[in-house]
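Here is the structure we will look at.
The values are calculated or read from the model by the stated rules, or taken from the named source; none is laboratory data. Fair warning: this is a prediction, and the values are worked out from it, not measured in the lab. All Cβ positions, even for glycine, are placed from backbone atoms using ideal geometry, and neighbour counts span all protein chains on display. Surface areas here come from the heavy atoms of the whole protein model, side chains and all, with no ligands, DNA or RNA. Shrake-Rupley method; radii C 1.70, N 1.55, O 1.52, S 1.80 Å.
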Amino acid sequence: MRMLVSAGPTREFIDPVRFLSNRSTGRMGYAIASAAIAAGHETALVSGPVSLDAPPGLAALDRVVSAREMLAALESRIDWCDALVMSAAVADFRPERAAQAKIRKSEMPDSLRLVRNPDILLALLPRKGNRVFAGFAAETGDPDPGAADKLARKGLDLIVANDVTRPGAGFEVDTNIVTLIAPGAAPEHLPLMSKAEVAARIVEKIEALAAAVASEPGRR
Ligand code: CTP
């Protein structure tokens, strides 16, 4: 299979020295790319700014900074892939204007005007075709209801839900506690595992979903 993986945060610049972003380190997404390569899949990675080495054996690596750059990179690769794993933590908002020069403290306004970034999964949905689309749901508290809603709203085949407030889960750790939710199936609650192990389970699940799509009569 050809797997397209997004990883890491995006940065939305206020001026050349300041940005809005989030706590994502890219570890989960890089682990998924590594697991996909290890399983023999051609794998392309679109990465926000992270301090991780590229997994050896990638078919392509696009380094991007903002949500709009990430969307453009994924749009240019979407037709190539059989499965998209959207593990990036995309910044939902950006400053309305990015200043070209550093804003002096004395000139900094009291409030920043923000505008919404595109929802990348929703933007790619019209080009899904028979591709398997997987997303993540970063939630605080029981992740299942919010994740089930995102699964439906974003037209996904799989959502990986995690409560980022649980010790050993979410950002800046090498482990995760996730639930895999696919339409019409019981949620699979996985125990605390290394991100490498979680990644291998996600890749296996995507392989099974792709095989199910391929065997549907009248498709492929
Ligand atoms: N995502 C996306 N484009 C965005 C924001 C998120 O494609 N602008 C993707 C993420 O990569 C993830 C999924 O959508 O796979 C869910 O992301 P999450 O941040 O949990 O949810 P949001 O859509 O941002 O919704 P909310 O802020 O209401 O939780």
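Just a few scattered comments:
- With DNA, RNA and ligands ignored, accessible area of PHE136 (1.4 Å probe; Å², nearest 10): 50 Å²
- For THR140, the solvent-accessible surface computed with a 1.4 Å probe is close to 110 Å², ligands and nucleic acids excluded.
- Rounded accessible area of VAL65 (nearest 10 Å², 1.4 Å probe): 50 Å²
- Ordering of 115-121, 42-48 by packing is 42-48, 115-121, highest average first (other Cβ atoms within 10 Å, averaged per residue).
- Counting DSSP beta bridges with both ends in the chain, the antiparallel % (nearest 5): 35 percent
- The candidates LYS102, LYS205, LYS128, arranged from most to least accessible area with a 1.4 Å probe in the full protein assembly, appear as LYS102, LYS205, LYS128.
- Accessible area, probe 1.4 Å, largest first, for residues HIS189, HIS41: HIS189, HIS41
- Three-way shape label, region 61-178, alpha-carbon gyration tensor, a/c 1.5: oblate
- Prolate/oblate/rounded call for region 97-165, Cα gyration tensor, a/c under 1.5 rounded: oblate
- Straight-distance candidates among the lysines for linking to LYS195, with alpha-carbon spacing under 28 Å and chain neighbours fewer than 8 residues away dropped: LYS128, LYS150, LYS154, LYS205.
- The listed residues VAL90, VAL160 rank as VAL90, VAL160 when sorted by accessible area, largest first, using a 1.4 Å probe.
- Distance from region 53-106 to region 193-218 (C-alpha centre basis), Å: 24 Å
- Peptides 147-158, 22-33 ranked from most to least packed give 22-33, 147-158, packing being the mean of other C-beta atoms within 10 angstrom over each peptide's residues.
- Each Lys and Arg adds +1 at its Cβ and each Asp and Glu adds -1 at its Cβ; summed about the Cα centre, region 124-211 shows a dipole of about 460 debye.
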